[in-house]
Structures are given as C-alpha cells and as structure tokens.
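Structure, as structure tokens:
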Amino acid sequence: MALSEKLPEKLLRPYDPKATEERIYKIWEDSGFLAPTGESKPFTIIMPPINANGSLHAGHGLVMTIEDIMIRYKRMRGYKTLWLPGLDHAGFETQVVYEKKLEKEGRTRFGMNKEILYKEILDFTLFNSKHIKSQIKQMGASCDWSREKFTLDDDVVKTVHQTFKRMYDDNLIYRGNKIISWCSKHQTSFSDLEIKDEERVESLYYLKYGPFTIATARPETKFGDKYVVMHPSDARYKEYKHGQKIKLEWINGPIAATVIKDESIDMEFGTGVMTITPWHDNADFEIAERHKLDKEQIIDEAGKLLPIAGEFAGQHIKRARPLIIEKLQKKGLVEKIENDYKHVVKTCYRCGTIIEPQIKSQWFVKMKPLAEKALKKIKKGEIKYIPEHYKKITIHWLENIMDWNISRQIVWGIPIPAWFHEPRCIPKSEREKDVEKCKEIIVSAEEPVCEFCDAKFIRDPDTFDTWFSSSQWPYITLQYPDNKDFKTFYPTDVMETAGDIIFFWVARMIMMGLYVTGEIPFKTVYIHGMILDPKGEKMSKSKGNVIDPIKYINDFGTDALRLGLVVGNTPGTSLALSPEKIRGYKNFANKLWNITRFVLENSPDGEKVKGELKDEFDKLRDDITSDMENFRFYLAAEKIYHYVWHRFADEIIEESKKNAEVKSSLKYIWENCLKLLHPFMPFVTEEIWQIMHPGKLLMVETWPHDN
C-alpha cells in the first residue's frame, strides 16, 4: 500500500476478534488450502480423536494450538501438509456421561433395550459432535475437514473387525476364563491401565482360622475360603504339610481346610499365613491356578453377597462387613483389630468404586509378541520422544507388559465380531460324527452358519475397549491398505498428545501399527503438559476450577488464548493458565493492529531492510526457525513476541521517525514478523496480511528465509 493511499476503515478502529475470526476461518475453508496440495514432501499429523460427548476443555485447546502451530509452520515451509481431524465415540466414557443424563431423568441403562439405548447415545453423540467441531474451528485449527473421521464410521468398524480376525487367526487374541478387574457400579470389566490405585486407611482384622491367625482387610470375601497358605520355608509352620486337611470352625459353621505351601507368600505380612479367595483376588487366583485349586464366587457383579454367605446373602458388601465382624466376634474368632491399616486399594478410575475382581470369560490380546517388535524400533531410535524421558517410561512398560482385556460389558461401542455355538441338548453318545466338528467360537462380522448341525450361533454381547479401535487410528484414518492417502502420508510425522495416555494409546498405536502395516505409525511423539488453573492446581469439575477455552476466546480472542497456552509451555510440564496472562496477549494483538497502521502510513513500498537491521532480523529468523524445527515452540513464540513489542515497536519504529533508512525498512521487517507470528496468532496476522495484500493468503506465504 503506497503512502498516498487511504487506510482501510477497519484499520482505523480497534481490532475486533469477534468480527474477524469466523470470517477468516471461512476464507481458509473456501481456499482449499486446508487440504494437502502440491507434490512436495508430505508432513502429516493425525489429530487425536476428541471425545464427542461434551465440550472442549483447556487440554483440548492446547492440543489444537500446538498441532496447528506445527501444521501452519510446515505449510509455509512448502510441505504437503495433512492434519486429519477426528472424533471419538469414547466407549465407556461417553456411556458414563449418558448414564448421568439418564439418572437425572429417573432412568437407568440396566434393563433398557440395547438397541434403543445405543440409538439414544448415538443421537446424543452426533448432536454434541457438531458443537465440538465448531469449537475446534474457533481454536483456528487448519485441519482438512474433507478427510474427517469418526471412530464409528463404517470403514473404521470394518477395519477393526478385520484386525481382530487377523489377530485371532494369528493366535494373538484368545478368549480366556481369567480373573479381571470389575466395577460393580458400572458393571463392566476394565484393563489394568484403567484402574486407579488409591491409598486408604482402614481396619485390618486378625481372625482365628483353626490353629492359625490370618490377617485380612476384607472379611466379606472369606465365606468360601477353604485353603490356608504359607511359605514352605516358614519355620513357624513346618509341622504342617502341603495338602494336609484341618477341621475348623468358620463364619457359617465347621469346614475342612487344606494346607497349601507356596513361595509367593510374604512371611513378613501379618502372621505369614493367609487364606485365599481365588475368585476375587489376583494373587489368590494365581495361587489357585498353580495348585489346581477350586474357585468359588462369593460376590456378584453388583457387589452383593451370594447364597454361600448364608444369612448375609443379598446384602451389599459395604453394609455386610461390620455385621460379619460382629458375628465372628460372637463366635470368638476375632483376635484383634488394627484401625490404622494403611494400604493401597484398586478403584474404578471413573467413579472411585473399589474394584471387585471377578473370574469371567473375556477376550485378551497377547501383548508380549507385539511389545517385542515395538521395543526394537524404539530402542533403535526410530521413534523420537519429546521429552526424552518418556522413551524410558515406555520401554519399561513394554518390557513388563501384561495381556490386555479388550472386552467391555457396555452397549456403546464397536461390537466384538465373535459368535458362540448354541448349546446342544443331544447327548454326546447320540450325536452324529460331524457334530463333533462344530466350532464353539467363530470370528466373523456376519452371522455364521454351522456346517455340521442346525444349531444357531449367539452373538457376543460385549463391545471393544475403545482403546482397541483407537490403537489403530493412524492407519485406519488413512484407509489402509490401498488408499492413496495411506501410501502418501503413512507413516505420519508427529503424534502429539498427553503424557497420561502414553500407555493407553501411544504405545498401543506403535504395537498395532507395526503388526498391521509393518511400519511405525509416527516418527515423533510430542508430549504436552497439563493445563492447571490460575493457582497451579489440577482442574476438576468437583473443584469448580475447570477452564473453559471458549469463554477465554469470547473474552480475549483466539490468538490471545493460543499465545497464552504456548508461551512458557515446555513439553511434558504443567502450565498454570490465568485470565491475566491471556488479557496481556489480547493487548499484544491490539499492538499488532496499531503497528500495522503506523507501518502503512509511514513506509513506502519496494524497500528492503539493510545493514545491521537485516543482520539482526536474520539472526532472529534463524533462531526461531531452529526452534520450530526442534519443537521448541514455547521459545519461538516468546522470541517473536519480545522482538515485536520491545524491539520493533519500542525502538525501531521510534528510530524510523528520524531516520529515513530505518523508515524504508519498516514494511519489510513487519511483513516478515507477521509470517513468523502466523503459526501462533493466525487470525489477526491473516487479517492484517489481507489488508496489506488484498486477495492473498498469509497461511500459504513462504516462511521467511535468507535472500
């Protein structure tokens, strides 16, 4: 714009984010540049699918900001950029949210028709997904909406089913009757990763068990205990032999107990003797498996005692515990009670209910063969971790990995494509020869037909753990194996996510990507930190301190929020976010607006920076470019912020008022500053650019380089 030209009317007024951002985003969408263009080297990020059951929180805002910074930078560097967005049905998480809605309406999912419940949750999710998508756009996310995926899309479900069958055929998936973690409130099983360890202070009861004294914190599980276990090297009990029978008086009368010697017993805990409840304790289950002992269920799936508990049958274990102790005291079977017993209990990560292990037939993934391949790639350095220490954390977990229970007893999710042969009533001796060949389990997306008899197959009622489908996200979204996108953009470049799901998701994506495609799913894992409230405390709904990024956008503008989220935010560390910080960056956006007005009024066209000013700016440009290449976005943002405010605005502009050579450099420096700022503050910089260069888009301008 020449000096003689009149400034646009809007530039004479204060910068207004509300009047700008939606309009600018529409321009980006209509431009076609949100999709990958050109034939240059690809750069790909697959967006972690956001739970489609509510609204964006501050953590989501950080994800959108960091990933958009990466994409905008690489787009300006000339890469063929793809940022593929997606939403997650979020299985158990969404069902829990919907259950709370049902509770408010006086309803419960238990007893509801499954098809009706599924349809209700689907409608609820699809309604929320529109809201979520609009909020993602508000964050300025320059992702390719034409490639958007949802974890319940037909092609996603098809691929998940195909993967399950392939793993089953490869003997990597099996159905086992094993002890699993069970939440009695939500009545579903969980994997080990979804269990939260919580330290509690409770009572420890010392009970007389014949000639022994046993210590337990859970007397309600002891009704079926008929094995007393001790270490074979414990001299205190050397007179008792393995397999020896002992008659004794117990909770509901006389029983015959069997002595078991096992090296897993901790001789230092309690009296060194314990009874076992194999149906409701992992360690006890393993002892029973080793010695081929009976296992009997004491507590049902709702946390209530079964008929084996006699007079306590039907009572919830919380209410029954003191009554059981009272009965044992009357029988003289309580030796003492310690009321300050500190121990760790396993709880449901979502509701805090104490986990009640149960023996159930579930689907498990054999993880060690998958982990071995992932470990080789990680140890060879084929996947870079930022921060580096997450590499060691991942390796440690993979080296000690356990089989993964992928069955969930919920309606909302991808159904497991397995069918069980209907029970047959014909006695084995009377069956025809071919009936013996009937398969008990068939893995198939469609209802199978038995080749040898007329019996029907019953569909497995369970759904997949949502992480099973999410673990396949990178190659599913790119439509493995034949789609051009998969061949062009896989492996992806960066997986940016939170540290608390490094095992839930990142490690599993590596394993599944290697198993299905033979290649790692991404080259770099970038772990962002947690967003804390202004006092530095973890946000939670119960505390009432959850930060709503959309409120901050409405108050201060998206650019201010984005800069507030990234400046000072080193990878893997937590960041306290306050309104005052974001308000400061709103003032910075206004500063950019005012600088632009001055530059356009005082700078002639066609001039370039020279001498010391050029050297100074080139160094800044190179420093920021190095930071961007090495994922130091927090430093890059801070450097350009300080240069613009304290060097360009406070000093260079002042010098230009009395120095013609400096004045002739203003526009060149300013345009390049806008380019450096664009990945961080896309809306205001794009608006300014279009004022300075009508009809041209800053988002596809070339990143500043030496010329």
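Readers should treat all values here as calculations from the given coordinates under stated rules, not as data from a laboratory. This structure is a prediction, so every number in the text was calculated from the model and none was measured. Every residue, glycine among them, receives a Cβ derived from its backbone with ideal geometry; neighbour counts consider all protein chains shown.
Points to keep in mind about this one:
- Distance-filtered residues of segment 261-275 - backbone nitrogen under 11 Å, label point 7 angstrom along Glu335 Cα→Cβ: 270-274
- Each Lys and Arg Cβ is given +1 and each Asp and Glu Cβ -1; about its Cα centre, segment 188-359 then shows a dipole of about 640 debye.
- Each 5 Å bin from zero up to the one holding the largest Cα-Cα distance in segment 553-700 carries the following percent of pairs: 2, 9, 19, 21, 21, 15, 8, 4, 1, 0.
- Size of electric dipole in segment 543-618: Cβ of Lys, Arg +1 and of Asp, Glu -1, about Cα centre, debye, nearest 20: 420 debye
- Separation of alpha-carbon centers, segment 188-207 and segment 313-346, rounded to whole Å: 16 Å
- When the helices of the chain are scored as -39500 (n - 2.57) per DSSP H run of n ≥ 4 and the total is divided over every residue, the value at 222 nm lands at -11500 deg cm²/dmol.
- Across Lys10/Lys696; Lys26/Lys119; Lys104/Lys535, pairs whose alpha-carbon gap is larger than 25 Å: Lys26/Lys119; Lys104/Lys535
- Qualifying GluC sites (Glu not before Pro) for segment 532-614 [loop in DSSP, other Cβ within 10 Å: at most 16]: Glu537, Glu607
- Restriction of the trypsin sites (Lys or Arg not before Pro) in segment 370-421 to DSSP coil positions whose beta-carbon has at most 13 other beta-carbons within 10 angstrom yields Lys380.
- Exceedance of the 25 Å cut-off in Cα-Cα distance is limited, within the set Lys196/Lys377; Lys247/Lys318; Lys484/Lys523, to Lys196/Lys377; Lys247/Lys318.
- Cut-off under 5 Å, modelled amide H: who pairs with Thr81 long-range: Thr37, Phe43
- Excluding same-chain neighbours fewer than eight residues apart, the aspartates and glutamates reachable from Lys487 by a Cα-Cα span under 16 Å are Glu39, Glu519.
- At R0 = 56 Å, FRET efficiency that the Cβ-Cβ distance of Ser578 and Ser40 yields, to 0.05: 0.85
- Coarse-grained scattering of segment 579-665 at q = 0.10, 0.17, 0.23, 0.24 Å⁻¹, given as base-10 log I(q)/I(0) from a Debye sum over alpha-carbon atoms: -0.30, -0.83, -1.21, -1.25
- Taking all Cα pairs closer than 8 Å and separated by 6 or more residues, the relative contact order of the chain comes to 17 percent.
- Each DSSP beta bridge with both residues in the chain is either parallel or antiparallel, and the antiparallel ones are about 70%.
- Cα→Cβ-extended label distance, 7 Å offset, between Asp623 and Gln690, nm: 3.3 nm
- Cβ-derived FRET efficiency at R0 22 Å, Tyr174 paired with Lys292, nearest 0.05: 0.65
- By other beta-carbon atoms within 10 Å, ranking Met509, Met367, Met112 with the fewest at the front produces Met112, Met367, Met509.
- Nearest-0.05 FRET efficiency for Asn554 and Lys487, computed from C-beta distance (R0 41 Å): 0.45
- Of the peptides 672-680, 16-24, 202-210, the order by per-residue mean of other Cβ atoms within 10 Å, starting with the highest, comes out as 672-680, 202-210, 16-24.
- In sequence order, calculated HN-Hα J values of segment 218-228 (Karplus, 6.51, -1.76, 1.60; Hz; x Gly/Pro): 9, x, 5, 8, 8, 4, x, 5, 9, 10, 10
- Of Trp83, Leu674, Pro474, farthest towards positive along the dipole that unit charges on Lys, Arg, Asp, Glu beta carbons give the chain: Pro474
- For the peptides 340-350, 463-473, 171-181, the ranking by packing is 463-473, 171-181, 340-350, with the highest mean count of neighbouring Cβ atoms within 10 Å listed first.
- From the coordinates shown, Cα extents along the principal axes in Å corresponds to which of [x] 76, 69, 62; [y] 79, 64, 48; [z] 106, 63, 54: [z]
- In range of the label at Thr213: residues from segment 326-370 whose backbone nitrogen is under 19 Å from the point 7 Å along Cα→Cβ: 326, 328-342
- Magnitude of the charge dipole, the chain, Cβ model with Lys/Arg +1 and Asp/Glu -1, debye to 20: 860 debye
- Greater than 25 Å apart at Cα, pairs in Lys114/Lys538; Lys18/Lys639; Lys178/Lys304; Lys543/Lys591: Lys114/Lys538; Lys18/Lys639; Lys543/Lys591
- When the square roots of the Cα gyration tensor eigenvalues are ordered a ≥ b ≥ c, the ratio a/c for segment 194-352 is under 1.5, which makes its shape rounded.
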